[in-house]
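See below for the structure under consideration.
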Amino acid sequence: MIKGFKEFILRGNVIDLAVAVVIGGAFTAVVNAIVASIINPLVSLFFVADAAGKFGPKITGLYGQEVTFPIGDLITAIISFLAVAIVVYFAFVMPMNIYKERRAKKNPVVEEAAQASETELLAEIRDLLQKQQRGA
């Protein structure tokens with residue numbers, strides 16, 4: 001049981017996933033800081049924040065109350081997602097693909113000769129039998 005667990009942990013995929021989760025968690029703080037200090041002020045240039053600190057277009061409701069559609073939160077979430085996705089791609093996926101390509105060039109995969117189908121084998125046997133009958 002312990003041997004199987006050790007093989008599972010050392011397989012590589014688990015370690016890659018753990019590194020990605022840790023880096024992603026750490027990078028989230030950086031992205032949130034960028035969004036809070038740069039993106040939110042830019043969006044607030046166009047929309048005024050309400051009492052709760054939400055900014056977005058304000059529409060008067062049926063009963064006269066003002067409703068704010070907090071698109072700032074949506075923009076923040078989209079930018080955060082895109083930033084994390086870009087970093088994960090350029091920091092992990094692209095280098096791993098380059099590594100795999102280089103490794104494949106060093107150790108090319110030797111393709112096995114295609115095995116003959118049953119029909120081809122039967123045709124060969126038939127031809128050999130015909131050849132033997134002519135020679136006898």
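The values are calculated or read from the model by the stated rules, or taken from the named source; none is laboratory data. Note that the structure is a prediction, hence the values are computed from the model and not measured. Cβ atoms come from the backbone with ideal geometry, glycine included; neighbour counts cover every protein chain shown.
Worth pointing out:
- Wholly within the range 3-113, helices (runs of 4 or more DSSP H) carrying at least 3 residues that are modelled with pLDDT under 80 and among the aliphatic types (A, V, I, L, M): 13-34, 71-88
- The number of residues in the range 56-73 being surrounded by 13 or more Cβ atoms within 10 Å (Cβ to Cβ) and among the small types (Gly, Ala, Ser) comes to 2.
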